[in-house]
Amino acid sequence: MPLPSRQRLRSLMREREGERERGRTGLAVLVVLLTVAVLVLAVPSTATGGESGTGTGEAEEREPIPQGQAVSGERRVAVVMVNFRDSRLRDAATLEATLTDTYFGAARSLDSYYRAVSRGAARFVPSGDAPVIGPLDLPMRAAGCDDARMAEETERQLAARGVTEADYDHLSIVFPARDADCGWSGLASVQGSTSWMPDDLSYDSLVHEIGHNLGLGHHMRLDCPDGALDDCTETDGTSHKTPMGGGGAAAGLAAPEMAHAGWLGAESLRVAESGTYGLRPLHGPAKGVRALEVPLDGGDRLLLELRRASGALDTEVDGVFAYRVRGGDYAESELVDTGPSEGDPARVGALAAGDTLVSGATTVTVGAVREGAATVRVTLDGEEHAPVRPTPRTPQGTGDHKSEQRDGEGLAETGTGAGAGDLVPWVVAAVLLLATGAAALTRSGTHPARGRRGPSSRRR
Ligand SMILES: [Zn+2]
């Protein structure tokens with residue numbers, strides 16, 4: 001089936017999401033302004049980032065990256081098992097135990113993942129006394145994979161039990177996959193509450209789908225040869241730096257996604273003047289600046305981060321990376337890839353000491369890249385600065401980062417054998433993103449593209 005162009009999908013996404021954007025913009029702006037005001041007062045003017053000494057920036061204002069409405073506190077998840085009239089879950093008791101672990105377990109769970117990336121700010125908890133509800137018997141057939149009806153029937157039955165939308169933040173419907181033939185490994189409303197998961201769901205795809213619920217789109221890659229940011233080409237490749245871009249749940253979120261979720265706090269910096277800035281690893285316990293934002297002409301922004309393994313996060317993602325944020329929408333950013341993107345996908349886009357990104361009069365040059373810190377020199381106005389002394393990179397990226405296909409293989413839609421050049425799912429329609437990419441989007445390098453319309457706009 002012909003697929004809409006990526007651009008078309010994007011504009012569709014913007015169109016569909018415009019409403020909610022407008023709705024939350026006011027509040028978000030207020031929150032951001034208040035946060036900025038507090039931080040400007042609270043953060044001392046000295047560098048807080050360890051070796052993030054600023055070459056010319058003593059007088060610089062320590063303004064953090066403006067962030068979205070914070071995702072914080074307990075997110076209540078109603079996990080509901082359902083049967084179809086003609087297709088039932090084979091072993092609901094075992095599935096219930098599996099789901100309890102996958103959603104709320106101490107490790108490799110939805111809760112453990114987002115707890116780690118948010119540094120404890122957000123937790124996912126059962127919406128009621130039982131971690132899993134059901135199975136409910138839906139009065140519908142499996143064939144056709146009617147996700148809208150699945151949601152309607154599930155909500156109706158929950159209401160009959162006294163469970164309404166007020167009782168949960170996320171509704172996750174787990175159904176027997178074998179006869180539904182959905183062709184995807186998960187589906188979710190973007191900036192919404194509903195997700196649909198097949199009963200053979202994976203940890204990777206669950207983290208990906210709930211990322212959609214939090215407003216995140218698919219995370220793609222821009223080709224910017226020689227670091228010329230004004231001459232980039234969109235690709236159908238994913239970034240592999242986040243579960244939203246094929247990195248699986250072994251990857252943390254990328255810096256723009258962290259900003260979208262409000263999880264960078266004061267440990268980020270919006271560059272207001274030329275200078276040399278330090279970065280600490282984005283994930284993990286290190287204190288200091290975890291993300292840098294450089295303003296670009298036209299309202300776009302460049303975000304820089306240092307990724308290093310920490311606990312269960314970023315076990316494969318390693319290095320300094322840059323992302324282009326379009327028009328200030330942190331939910332929609334792309335990895336800047338300056339070189340031929342070959343080899344280990346988790347390393348694609350890694351910037352080495354001396355690498356330079358240029359846009360108009362703005363120049364960003366990577367300085368030292370060490371184990372626990374990196375430096376970046378930013379020139380905003382075209383003025384000359386002493387060249388950054390390239391520092392040998394810490395040995396890393398040994399090339400044996402073979403992606404463990406274990407998780408990816410479980411994702412049904414990988415089976416299409418679609419090539420890496422295929423259109424990636426920027427799938428949206430009634431604010432529904434087929435999270436399928438999941439495979440692609442969770443792990444592997446193949447990106448089957450699937451778009452589909454979601455349920456009616458009642459889902460936001
Ligand atoms: Zn997706």
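Derivation of every value follows stated rules applied to the coordinates shown; laboratory data play no part. What you see is a predicted model; the values in this text were computed from it and never measured. Don't worry about glycine lacking a Cβ; one is built from the backbone with ideal geometry, like all the others, and counts go over all protein chains shown.
Can you work out the PRE-style zone for residue 297? Point 7 Å along Cα to Cβ, and I want the residues of region 232-260 with backbone N under 20 Å.
Residues 232-234 qualify, since their backbone N sits under 20 Å from the label point.
Compute the distance in nm between two label points, each set 7 Å from the Cα along the Cα-to-Cβ direction, one at residue 273 and one at residue 94.
Inter-label distance under the simple model: 6.6 nm.
Sorted by packing (mean other beta-carbon atoms within 10 Å per residue), highest first, where do 291-301, 223-233 land? Each step should come with its number before you reach the end.
On the way: 291-301: 19.2, 223-233: 16.1.
Going by the mean number of other Cβ atoms within 10 Å, highest first, we get 291-301, 223-233.
Mark the label point 7 Å from the Cα of residue 164 along Cα→Cβ and return the residues of region 109-142 whose backbone N is within less than 19 Å of it.
Counting only backbone N, you get 127-129.
When only Cα pairs under 8 Å and 6 or more residues apart are kept, what is the percent relative contact order across region 157-226?
Result for region 157-226 is 28 percent.
Take the alpha-carbon centre of region 188-265, take the same for region 334-375, and report the distance between them in whole Å.
19 Å
Between residue 70 and residue 312, 0.36 nm times their residue separation minus their Cα-Cα distance comes to what?
Extra length available between residue 70 and residue 312 comes to 84.8 nm.
Sum up the charges of everything whose Cβ sits under 13 Å from the Cβ of residue 121, counting Lys and Arg as +1 and Asp and Glu as -1, but leave residue 121 out.
Neighbourhood net charge equals +1.
Nearest 20 debye, what's the magnitude of the dipole of region 130-220 about its Cα centre given +1 on Lys and Arg Cβ and -1 on Asp and Glu Cβ?
60 debye
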